[in-house]
Amino acid sequence: MPEDHPYMPSSLNPPSHPLRLDGHVHLVGDGSSGSGCWLKLNGWLRRLQGMMLMTSAGLPSKLLNGGLDAAFEERLALLSQSSTLDGLLVLAQDEAYQTNGTKIDGFGSFYVPNSHVFAVCRRNPRLFPACSIHPGRPDALDELEMAIEKGCRMLKLLPNCLNVDYADARFKPFWKRMSRVKMALLSHTGGEFTLPETDHGLANPLKLRAPLEEGVVVVAAHAAGRSGLWDPDWTGDLEAMSAVFPNLFCDNSALCSMNRWRTLPSLLGGPLRERVIHGSDYPVPSSGFGPWVGGLLPRASWRSSKQLRNPFSRDAFLKAELGFSPETFTRLDAVTCLTKTWLETA
């Protein structure tokens, strides 16, 4: 651990207060540094999406042709140091698997192995890791133990993209192990526009019951709202589940984008208000234009946000202006042990 670590200046004790975190930040790579990452943008639409995401990340689109590993890490490190937040939760991305445990070859748009995320976060003190492990992998429990030993206490899954049915009884030992070590689950819920899906129904928040019943702290990403116009809106189901499971939370990631802002009223004024965790979904664009058009964000706030060059600072400003409480930004660290454990194992 570097001596100038911002949270451990002279001792090896983690901070005594919850940190202000962005709890939903994607890491992307192309394997150019030997990271094991891959990125596939098949077809003109995926290529266009990739170029838009590079622009949003503040990177040149030519990196889609090579050199993305180092450039993306450097950009995250720079932005984390200049952000108004204390840290970023950086997400791995596993591959999709069949129900029989075999990999679905050729499926998906990107892959980021846990080893790469851990290495990036160790090199950059304001970054904290979330591993990604399909619980149906033949080596799932072994990979989980490795992540636990490394000090990781957050798991990220896109069940609708990786073909994960949380209700599968074979996964019960996996959830039990996560619960015993207090590893939380950040799970995509609701609509998905950016990535190819294996089964859209697996993003239904009702599927989260299995890990919740084992005591796992679960964060429902995007609060189960719509992405596309024809997506079902499952936020009401999430609200009902929150009354049953005190270990169920949600995040407001990407809700300042054009396609997800309609979920905001449910989080700002409904029963989920005290369960919301801040997240940006970087590098997904977060302009605030959608909430402004929808009458949820004052024009002055939207215009002021444009002056903030750092996308993490800008998204946090927009969320605060929309009315999310200060606790929204510290809630992830307050209800999990992810930063404490990671810093203690450094």
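Just one of the numbered conditions (1) free of Cβ contacts under 8 Å to residues at least 60 places away in the same chain; (2) farther than 22 Å from F110 by Cα; (3) among the hydrophobic types (A, V, I, L, M, F, W, C); (4) outside any helix (DSSP H, G or I) is not true of A210: (4).
Scan the stretch 258-271 for residues that are more than 15 Å from E321 (Cα to Cα) and either among the small types (G, A, S) or surrounded by 23 or more Cβ atoms within 10 Å (Cβ to Cβ) (or both) and report the count.
Number satisfying all stated conditions: 4.
Scanning the stretch 132-145 for any residue that is buried (at least 19 other Cβ atoms within 10 Å of the Cβ), within 30 Å of L48 (Cβ to Cβ) and in contact with a strand residue (DSSP E or B) (Cβ under 8 Å, 6 or more places away or on another chain) turns up at least one such residue. Can you give me the number of residues within the stretch 272-310 that are surrounded by fewer than 16 Cβ atoms within 10 Å (Cβ to Cβ), small (G, A, S) and outside any loop (DSSP other than H, G, I, E, B)? The number of residues fulfilling the criteria is 2. Checked against the criterion of being modelled with pLDDT under 95, part of a loop (DSSP other than H, G, I, E, B) and more than 18 Å from L91 (Cα to Cα), the candidates E197, E192 yield just one match: E197. Could you list, in sequence order, the residues of the stretch 311-333 that are under 17 Å from the mean Cα position of the chain (by Cα) and either in a loop (DSSP other than H, G, I, E, B) or among the hydrophobic types (A, V, I, L, M, F, W, C) (or both)? Once the filter is applied, which keeps residues that are under 17 Å from the mean Cα position of the chain (by Cα) and either in a loop (DSSP other than H, G, I, E, B) or among the hydrophobic types (A, V, I, L, M, F, W, C) (or both), the stretch 311-333 yields F312, A316, F329, L332.
Which condition number does K319 fail, the rest of (1) farther than 16 Å from S266 by Cα; (2) touching a residue at least 40 places away in the same chain (Cβ under 8 Å); (3) surrounded by 20 or more Cβ atoms within 10 Å (Cβ to Cβ) being met? Result: K319 passes all but (1).
The values are calculated or read from the model by the stated rules, or taken from the named source; none is laboratory data. This one's a predicted model, so the numbers in the text were calculated from it and none came from an experiment. Please note: Cβ atoms are built from the backbone with ideal geometry, for glycine as well, and neighbour counts cover all protein chains shown.
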